[in-house]
Structure formats: structure tokens, C-alpha cells
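Novice: I have a structure I would like to understand better, so I am pasting it below and will then ask my questions one at a time.
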Amino acid sequence: MIEEGLVTFLLADTGLTLLIGNRLHDDVLPQSPTVPAVVWQRISTPREYSHSGSSHLAMPRFQFACWAKTRLEAIQLANTLRAALEAHNGAMGAETVYAAYSENELAGYDAETGLRREIVDYRIDHKET
């Protein structure tokens, strides 16, 4: 499962873990969060097919919200995440990743918490096992 490999891969990245420790959350930011932190979710999973059936190539799109107290900290966190993922190919857990592509970026502010976030989307092309 690509999600398991992705989490393991990101938590093994020294640059990223220096900033977030183990604060890599799925789907939602906890209440009263410690930041910086990253929240991830899979937002789509198109697959490649041919006339003979599945090619076993999946291209899921993951969204990462990089949360921090300031805009510059959120940008730094997004840049560190980008350095870990950008054009990665090879093993990611049990999956073989062909490439990771940045698909989109946008900035945000949460008035309720006063936190800033940089949202980055990545498509991770991989062979499904």
C-alpha cells in the first residue's frame, strides 16, 4: 500500500523530521496542535489501463498541508517536503515509485487557530503490488 510506504519514507527523511519530528498526521490536524506539522491525504487515484486490462500503474494524488506559526515557516516546511519527494524514484515501502511530481501549491490561513499553511499536491506514479 503506497500510503504506508509514503509515511515511512517521509518519516525517514532527516530534513523533514528535524522540523516536524513525528507530527505527520493523516486527514486532520489535531486540536491544539504542536507545529510545525504536516497533514496528508490521498485525494484521487487514477489508474492506467490497456485493452488487455490493468497495467498496475497507479498515479495517486496526495495533498500535504504544511502547518506552522508563520508564513515563512510554512514555506520552509513545504520546501523541505518538496526536497524529499521531488522526482523520487525507487522503493517507497513495498511499492516501486517511478516519479513524484508537484501538481499544485497554495497558501492558507486558519483564523480559528491563527496558523499558516502551505498546501502542496503531489502525484506519485507507482506500480501497484
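The values are calculated or read from the model by the stated rules, or taken from the named source; none is laboratory data. Given the structure is predicted, the values throughout are model-derived calculations rather than measurements. Virtual Cβ from ideal backbone geometry, glycine too; neighbours counted across all protein chains shown. SASA here: full protein model, heavy atoms, side chains in, ligands and nucleic acids out. Shrake-Rupley method; radii C 1.70, N 1.55, O 1.52, S 1.80 Å.
Novice: Taking only Cα atoms of the chain, what ratio of Rg to Rh do you get with Rh as the Kirkwood inverse-distance radius?
Specialist: 1.01
Novice: Could you compute the net charge surrounding I75? Neighbours are other residues with a C-beta less than 15 Å from the C-beta of I75; K and R count +1, D and E count -1.
Specialist: Overall, the nearby charge balance is +2.
Novice: While we're looking at this one, here's another question. What number comes out for accessible area per residue over the chain if the probe is 1.4 Å? Units Å², please.
Specialist: On a per-residue basis, 55 Å².
Novice: Using unit Cβ charges (K, R positive; D, E negative) and no other charged atoms, how large, in debye to the nearest 20, is the dipole of the chain about its Cα centre?
Specialist: Rounded to the nearest 20 debye, it is 200 debye.
Novice: Over the chain, with every protein chain in place, what whole percent of the accessible area is carbon and sulfur at 1.4 Å, could you tell me?
Specialist: Percent of accessible area from carbon and sulfur atoms in the chain: 49.
Novice: To check you understand DSSP bridge types, tell me what percent of the beta bridges within the chain (both residues inside) are antiparallel, rounded to 5.
Specialist: Bridges in the chain that DSSP calls antiparallel: roughly 90 percent.
Novice: Leaving ligands, DNA and RNA out of it, work out the accessible area of H126 with a 1.4 Å probe and give it in Å² to the nearest 10.
Specialist: The accessible area of H126 comes to roughly 0 Å².
Novice: To continue, here is another question. In degrees, nearest 10, range 0 to 90: what is the angle between the Cα axis of helix 71-85 and the longest Cα principal axis of the chain?
Specialist: The angle comes out near 20 degrees.
Novice: Something else: Mind telling me which of T113, T14, T80 comes out most flexible in a GNM of the chain, alpha-carbon contacts under 10 Å?
Specialist: T113
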